[in-house]
Amino acid sequence: MRLAVIAVAIEALIGITAGILTGLRGRGYLDNLVLASTLFLISIPTFVTGFLLQQLLIVGDWPSFPPTVGDEDSFVRLLIPGFVLGSIAMAFVARLTRTSIMENNRADYVRTALAKGLPKSRIVGVHLLRNSAIPVLTYVGTNLGTLMGGAIITEGIFDIHGIGNLVYQSILQKEGFIVTGVVVLLVIVFLLVNLIIDMLYAVLDPRIRYD
């Protein structure tokens, strides 16, 4: 669960930041660089990224980032596996944020705010980002449940004793009760995250109201 949260935090922080910068600046060197890097991340499977970074850690001999985690699953040791787990989703978040920013930047309410003389920082921070964050928030929130259940490959590469590894070992040993319990837990977490996302819609966009 901590690995999934770290992966979501990394993909949201890097992906949203890259999407905002490219969406506001439009076509240019930075936009082409982000598009090329996100396409590169999307085209590489997770296990390839994991093995490449693991070999880099072994060659570089970095004491803070060991090639395997094991029982010492501290926050620092989970950063590299978290990046590997959230790398593909990070690329999608960057592209989704960029598209949403560029689309809303041409909306009438942005032109009206500019005509009123509002500062650019307020237009972007208060109006543009709040409306552009709705599809990004939906993707990031639903991706949390997917990462919790789909981290088997990443946990296997970095020797992490997590939920994915537990499900895999339980399937091999034919322990149906453990598999059922983990699946129920993941479903509950997924439903709670979606409920929180639905509630945040009204916070981000005042036009959305619930009965």
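The values are calculated or read from the model by the stated rules, or taken from the named source; none is laboratory data. Worth saying up front: this structure is predicted, and the values here are computed from it rather than measured. For neighbour counting, all protein chains shown are included, and Cβ atoms are generated from backbone atoms with ideal geometry for every residue, glycine included.
List of remarks:
- Identification of helices (runs of 4 or more DSSP H) wholly contained in the stretch 1-60 with 3 or more residues that are in contact with a Lys or Arg (Cβ under 6 Å, 6 or more places away or on another chain) yields 2-25.
- Those residues of the stretch 96-117 which are without any contact (Cβ under 8 Å) to a residue 60 or more places away in the chain, in a helix (DSSP H, G or I) and charged (D, E, K, R), in sequence order: Glu103, Asp108, Arg111
- Positions within the stretch 118-156 being farther than 30 Å from Gly82 by Cβ and either touching an Asp or Glu at 6+ places or on another chain (Cβ under 9 Å) or not in a helix (DSSP H, G or I) (or both), in sequence order: Leu118, Pro119
Matching residues to (1) of a type in the set (A, V, I, L, M); (2) free of Cβ contacts under 8 Å to residues at least 60 places away in the same chain; (3) closer than 27 Å to Thr99 by Cβ:
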| site | (1), (2), (3) |
| --- | --- |
| Asn131 | no, no, yes |
| Asn143 | no, no, yes |
| Ile163 | yes, no, no |
| Lys174 | no, yes, no |
| Val182 | yes, yes, no |
| Ile197 | yes, no, yes |
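- The stretch 110-120, residues that are within 29 Å of the chain's Cα centre (by Cα) and modelled with pLDDT of 80 or more: Val110
- Of all residues making up the stretch 1-50, the number that are among the aromatic types (Phe, Trp, Tyr) and within 28 Å of Ile153 (Cα to Cα): 2
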